[in-house]
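The values are calculated or read from the model by the stated rules, or taken from the named source; none is laboratory data. Just so it is clear, the structure is predicted and the values come from calculations on it, not from any experiment. Note that we place each Cβ from the backbone using ideal geometry, even for glycine, and neighbour counts take in every protein chain shown. Only protein heavy atoms, including side chains, enter the accessible area calculation; ligands, DNA and RNA are left aside. Shrake-Rupley method; radii C 1.70, N 1.55, O 1.52, S 1.80 Å.
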Amino acid sequence: MTPRYASRRRRNIVATALALSATLIGLGWLALILGSLLWQGFSGLSLAVFTQMTPPPGAQGGLLNPIIGSLMLTLLALAIGTPVGILAGTYMAEYGRYDRLTSVVRFINDILLSAPSIVIGLFIYEVMVAPMGHFSGWAGGVALAVLVIPVVVRTTEDMLTLVPNALREAATSIGLPRSLTIRHICYRAAQAGMITGVLLAVARISGETAPLLFTSLNNQFWSINLNAPIASLPVVIFQFALSPYKDWQSLAWSGALIITMAVLILSITARSLASTGKQS
Amino acid sequence: MDPTRGQSVADVTLPAGALISVKAATRARVLDRLRLGDIVFCQLTRAAAFGVLLLLSGVIVALVVGSLPALRTFGLSFLTTERWNPVTEKFGALAPIYGTLVTSFIAMLIAVPIGLMIAFFLTELCPQWLRRPIGIAIELLAGIPSIIYGIWGLFIFAPFLQGTLQPFLIATLGHVPGIAPLFSGPPYGIGMLTAGLILAIMVLPFATSISRDVFSAVPAVLKEAAYGVGCTTWEVARYVVLPYARVGVIGGVMLGLGRALGETMAVTFVIGNAHRVSASLLAPGTTISASIANEFTEAVGDLYTSSLIALGLILFVITFIVLAIARYMLMRIERRIG
């Protein structure tokens, strides 16, 4: 074995070891975060967390109002964001596949997709909170909708582009108008992928805190009035975690555990849905 | 309207004329309705696509309008002043801009090599059956909401660093001439280094998944040719795969950078929110997004609010440029692969 050959071999072994340890670092970090989350979150988790209101410092309580608030904000965001996203994605994949407009929208949408969410919060503050004069659940829902739209646009466009043209031609040949072809043939063929997109969007917004800080703000009390400040899980976690009170901090951990579980279940569901959709 | 429109041969050959005209009229109505539905649906989708454009321009316009008072008062010196005093209403963005850039730089410095090595492992070394689970696990890191990183960083990671890594850095690198100021001062636990490390974990999945995708898109013949002339696995990765995938990797890195720059909650927890530019990486600092998140709801007075919005505008401009470059690079590699 020449020295040159030996050194190349050594280098290869070192690189392999580095790659392996990099992977272990990545996996270890995931295990570390999930582990400490489970450890800290489970100790505070009880039925009361789901049935009682947020407490004042030093008292017993739960996270019922932020959980309900988060659900309402998420539903509102989906109700606004999904139709807009699906329609825009439909235009890009069906009517204007080779348009100038489509390529511009695709570029802009990609920018929106990774734009800092706190900037979206500032934007909604400027256009909704400041003119209305008060923080409100509506503003929070719209802010989240702005985050939903790019995710849905992207997946809708991708999934509709995958639908084979033969399906469209067959539909057209039996005299189906274009809009019906899209709604009854293409949407059905792309269904699994489009639902995946919506699930991914839910996973993305359910942990979002920054855009809610100054749109829906927070509410210490039971309120389902969308025209007033409304509590949401992430904002409550933010507030409670930074507080000096031990019971608030432990509630924050429980809330963090709830959110993470919800997000992980959503993204795993979305992923398995996407892979079954590909097989069929 | 012509009642015979849409009439076909079959209709004409039917007996009983009255029936024909009724049928034809219904048919025409139905066809008209379908045609109308077609036009409405098409225009609706087009309007939604324009809506996406309007959204981005709306964001830009709102930020510019909101930050005008601050920009008019401070002018360009807003970018170069360190002072941030809500009481005397004197604001400058230097400390947040500095903090944003430094934390993102630390994050990229750590995440990019690790991400590339993981991608190298996943595409070249890992047994086939392990690839999917490891890939999914790494992507789960991207799925964890940023507030979770924040609370984890504050309660677990920062105290850990305060007790171990930071005293070690101060004791060793803190005495090396040249870089000593970077590691001076007491170990606070929270600070720029901690924020950078947390960001590194958050950026890692982006760097990994995009590098993995472009690595696996490298044509097998190239790799086989290199193996054929006797290259080691590492040499193939370093001198064949990496150069081929360079543009895509840079695109992925920029995408991760865009995320690191704008990341809010994770950083807000561990940065310490101190509006000053300090040489030491261990000192508390602030970033643009953390300043906005911490101070916006408490900001009193138009000038204070407007200064924070101006910070948001700066952040948006920086990320816009970074993301645009990233998209351009990724588009180039997609064109080459596809």
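Select from the range A:113-143 the residues that are open to solvent by 10 Å² or more (accessible area, probe 1.4 Å), under 15 Å from B:Ser57 (Cβ atoms) and touching a Leu at 6+ places or on another chain (Cβ under 8 Å) and list them in ascending order. Steps first, please.
Going residue by residue through the range A:113-143, those that are open to solvent by 10 Å² or more (accessible area, probe 1.4 Å) are A:113-114, A:117, A:123, A:125-128, A:130-135, A:138, A:142.
So of that shortlist, the ones also under 15 Å from B:Ser57 (Cβ atoms) come out as A:123, A:126-127.
A:Phe123, A:Glu126 - these are the residues of the range A:113-143 that are open to solvent by 10 Å² or more (accessible area, probe 1.4 Å), under 15 Å from B:Ser57 (Cβ atoms) and touching a Leu at 6+ places or on another chain (Cβ under 8 Å).
Would you confirm whether or not the range B:125-133 contains a residue that is part of a helix (DSSP H, G or I) and surrounded by 20 or more Cβ atoms within 10 Å (Cβ to Cβ)?
Step one: filter the range B:125-133 for residues part of a helix (DSSP H, G or I), giving B:125, B:128-133.
Okay, now just the ones that are also surrounded by 20 or more Cβ atoms within 10 Å (Cβ to Cβ), so none.
Scanning the range B:125-133 turns up no residue that is part of a helix (DSSP H, G or I) and surrounded by 20 or more Cβ atoms within 10 Å (Cβ to Cβ).
What number of residues in the range A:243-253 are assigned to a helix (DSSP H, G or I) and more than 11 Å from every other protein chain (Cβ to nearest Cβ)?
4
Looking at (1) within 12 Å of chain B (Cβ to nearest Cβ); (2) open to solvent by less than 20 Å² (accessible area, probe 1.4 Å); (3) in contact (Cβ under 8 Å) with a residue 24 or more places away in the chain, which is the only condition A:Leu199 fails?
(2)
What's the number of the condition B:Ile201 fails, among (1) buried (at least 20 other Cβ atoms within 10 Å of the Cβ); (2) outside any helix (DSSP H, G or I); (3) within 11 Å of another protein chain (Cβ to nearest Cβ)?
(2)
For the range B:186-198, name all the residues that are away from chain A (no Cβ under 14 Å) and open to solvent by 10 Å² or more (accessible area, probe 1.4 Å).
Step one: list which residues in the range B:186-198 are away from chain A (no Cβ under 14 Å), which gives B:186-189, B:191-196.
Across the range B:186-198, the qualifying residues are B:Pro186, B:Pro187, B:Tyr188, B:Leu193.
Give the residues of the range B:295-321 that are at the interface with chain A (Cβ under 9 Å from one of its Cβ atoms) and without any contact (Cβ under 8 Å) to a residue 40 or more places away in the chain, sorted by residue number.
Those that are at the interface with chain A (Cβ under 9 Å from one of its Cβ atoms) and without any contact (Cβ under 8 Å) to a residue 40 or more places away in the chain: B:Phe296, B:Thr297, B:Leu308, B:Phe320.
Filter the range A:114-130 for residues that are more than 7 Å from chain B (Cβ to nearest Cβ) and closer than 14 Å to B:Asp302 by Cα and give the result.
Listed by number, the residues that qualify are A:Tyr125, A:Ala130.
Show me the helices (runs of 4 or more DSSP H) entirely contained within the range A:46-139 in which 2 or more residues are under 29 Å from B:Val65 (Cα atoms) and modelled with pLDDT of 90 or more. Write out each step before concluding.
Numbers: elements: A:47-51, A:64-90, A:100-114, A:117-124.
Counting at least 2 such residues, we get A:64-90, A:100-114, A:117-124.
Just wondering, is there one or more residues in the range B:226-242 that are touching a residue at least 12 places away in the same chain (Cβ under 8 Å) and under 19 Å from A:Ala241 (Cβ atoms)?
No, the range B:226-242 contains no residue that is touching a residue at least 12 places away in the same chain (Cβ under 8 Å) and under 19 Å from A:Ala241 (Cβ atoms).
Going through the range A:96-112 one residue at a time, which ones are in contact (Cβ under 8 Å) with a residue 40 or more places away in the chain, within 8 Å of another protein chain (Cβ to nearest Cβ) and open to solvent by 10 Å² or more (accessible area, probe 1.4 Å)?
A:Asp110, the sole residue that qualifies.
Out of all the residues in the range B:23-66, which are under 18 Å from A:Pro211 (Cα atoms), surrounded by fewer than 18 Cβ atoms within 10 Å (Cβ to Cβ) and within 8 Å of chain A (Cβ to nearest Cβ)?
Listed by number, the list holds a single entry, B:Gly58.
Looking at A:Gly193, A:Gly175, which one is assigned to a loop (DSSP other than H, G, I, E, B) and surrounded by fewer than 22 Cβ atoms within 10 Å (Cβ to Cβ)? Let's see the steps before the verdict.
Values: A:Gly193 fails: assigned to a loop (DSSP other than H, G, I, E, B).
That would be A:Gly175, the only listed residue that is assigned to a loop (DSSP other than H, G, I, E, B) and surrounded by fewer than 22 Cβ atoms within 10 Å (Cβ to Cβ).
Kindly establish whether B:Glu235 is of a type in the set (D, E, K, R), in a helix (DSSP H, G or I), surrounded by fewer than 19 Cβ atoms within 10 Å (Cβ to Cβ) and more than 10 Å from chain A (Cβ to nearest Cβ). Before the answer, list the steps.
Working: of a type in the set (D, E, K, R): yes; in a helix (DSSP H, G or I): yes; surrounded by fewer than 19 Cβ atoms within 10 Å (Cβ to Cβ): yes; more than 10 Å from chain A (Cβ to nearest Cβ): no.
No; evaluated as a whole, the condition is false for this residue.
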